[in-house]
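Written out below as structure tokens is the structure these notes cover.
All of the numbers you see were taken from the coordinates with simple rules; none came from a lab. Remember, predicted model here, so these are calculated numbers, not experimental data.
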């Protein structure tokens, strides 16, 4: 069976420049490519492709199913502190969950929700 080697999330955003700045300035991503209406970003193993869709229905209007990623990290507490220092708006504070994960979550300006989790012993 063929292995899956990486994953890339493709997100529609209403304001490409504002979303690009959010991911770079606040979440620590780097831009690897810019093309007409697109920004390709990366932080570690997570890759994003932001597509400029000014008329797209914002994910904030899709309350229950607007999660796009659960990202497993090696140190959730350190990332949480990094984001607090950058004044990222946190949606769910860092907490140990009964399913054995230390997690926190945020909501991007476009309404996309991201959970960051670390397995705890």
Measure out, as a whole number of angstrom, how far apart the alpha-carbon centroids of region 1-54 and region 60-120 sit. 17
When only Cα pairs under 8 Å and 6 or more residues apart are kept, what is the percent relative contact order across region 1-55? 43
With both partners inside the chain, how many of the DSSP beta bridges are antiparallel, as a percent to the nearest 5? 65
Region 1-55: antiparallel DSSP beta bridges as a percent of all, rounded to 5: 60
Share, in percent, of DSSP beta bridges within region 66-121 that are antiparallel, nearest 5: 70
Taking Cα pairs closer than 8 Å and at least 6 residues apart, the relative contact order of the chain in percent is 24
Cubic angstrom per residue, convex hull over Cα atoms of region 1-62: 114
Is the shape of region 66-121 rounded, prolate or oblate, going by the alpha carbon gyration tensor and its root eigenvalues a ≥ b ≥ c, with a/c under 1.5 for rounded and a/b larger than b/c for prolate? oblate
